[in-house]
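In what follows, a structure is listed as structure tokens, so that the remarks can point back to it.
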Amino acid sequence: MQTARRRLLRALLFPRPPPSSSSPITTLARGASKPFNRALDGSLPRATLGAPWAAIQTRGAKVLGSDVRLGNVIQRKGRIYQVLKAQHTQHGRGGATIQVELRDVDNGNKVTERFRTDEAIERVFVEEKSFTYLYQEGDSIALMEPSTFEQLEVPKELFGKAAGYLKDLTVTLQYYDGKPMSASVPQRVTCTVVEAQPYTKGLTAAPQYKRVVLDNGLTVHVPPFVEAGDKIVINTTDDSYMTRA
């Protein structure tokens, strides 16, 4: 009886300290009672999963060979290339292909490749900036940044065949690694017909297209009712007639 009383008195006068917060038992208990904090998309934190693929960054997006266009920047065999030319071809019973001329971004070397239209190509993302076209001087194009009015000159070759559409409009420069790699004009551009054969009704029942000359010197096919002086909308991607302006 006295022994029990002494133990009770010792417990009241000298209480034991609580278990250490760093003890294994406390850590396990705390971990078991505390739920994992999930990200907004419901996934577990990277530190919790320790997934090695989390460090992999995608530098571009996969596109089909048929979607490769002039001015695109692609990754091919570990190199970065800019597409200078792209031509679709059909080989009889075989599948369609696209033949492209590429320029190595690092050393400037040009190579020719042939892609299947269903082949997966890695396109590299580029930064796009809009500029106002000012004028052309020799092989240089003068542009202006509309918000800062800062002017710059770029080589005419950046526009490729689209340089023929340059006039008072907004163009786009594609930058890669801080350098302008290519330039493009809007897909729809209004042009004036300067030369066209007169329209004669009743010659044929089937719709016929004729060639006309535009104010930029380009020749396109248009419906027979289009006459000199008309303003028409041209698809600059393939130089095709779209509609009257």
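This table checks each residue for (1) among the acidic types (Asp, Glu); (2) touching a residue at least 12 places away in the same chain (Cβ under 8 Å); (3) outside any strand (DSSP E or B).
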{"site": "101", "(1), (2), (3)": "yes, yes, no"}
{"site": "107", "(1), (2), (3)": "no, no, yes"}
{"site": "112", "(1), (2), (3)": "no, yes, no"}
{"site": "118", "(1), (2), (3)": "yes, yes, yes"}
{"site": "122", "(1), (2), (3)": "yes, yes, no"}
{"site": "130", "(1), (2), (3)": "no, yes, no"}
{"site": "133", "(1), (2), (3)": "no, yes, no"}
{"site": "143", "(1), (2), (3)": "no, yes, no"}
{"site": "148", "(1), (2), (3)": "no, no, yes"}
Worksheet item: Is there any pair with a first residue in the stretch 169-190 that is within 20 Å of residue 239 (Cα to Cα) and of a type in the set (Lys, Arg) and a second that is assigned to a strand (DSSP E or B) and open to solvent by 20 Å² or more (accessible area, probe 1.4 Å) whose Cβ atoms are under 9 Å apart and which are 6 or more apart or on different chains, and what are they?
Response: 188/235; 188/242
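Sort through 174, 208, 197 and tell me the only one that's in contact with a strand residue (DSSP E or B) (Cβ under 7 Å, 6 or more places away or on another chain), part of a loop (DSSP other than H, G, I, E, B) and not β-branched (Val, Ile, Thr).
Details: 174 fails: part of a loop (DSSP other than H, G, I, E, B); 208 fails: in contact with a strand residue (DSSP E or B) (Cβ under 7 Å, 6 or more places away or on another chain).
Residue meeting the stated conditions: 197.
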Practice prompt. Test residue 124 against the stated conditions and say whether it is buried (at least 18 other Cβ atoms within 10 Å of the Cβ) and not acidic (Asp, Glu).
Written response: yes
Worksheet item: Which of (1) surrounded by 12 or more Cβ atoms within 10 Å (Cβ to Cβ); (2) of a type outside the set (A, V, I, L, M, F, W, C); (3) under 25 Å from residue 127 (Cβ atoms) does residue 221 not meet, given it meets every other one?
Response: (3)
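The values are calculated or read from the model by the stated rules, or taken from the named source; none is laboratory data. Computed from a prediction, not measured in an experiment: that's the story for all the values here. Counting neighbours? That spans all protein chains shown, and the Cβs are built from the backbone with ideal geometry, glycine included. Keep in mind that these areas ignore ligands, DNA and RNA; they rest on the heavy atoms of the full protein, side chains included. Shrake-Rupley method; radii C 1.70, N 1.55, O 1.52, S 1.80 Å.
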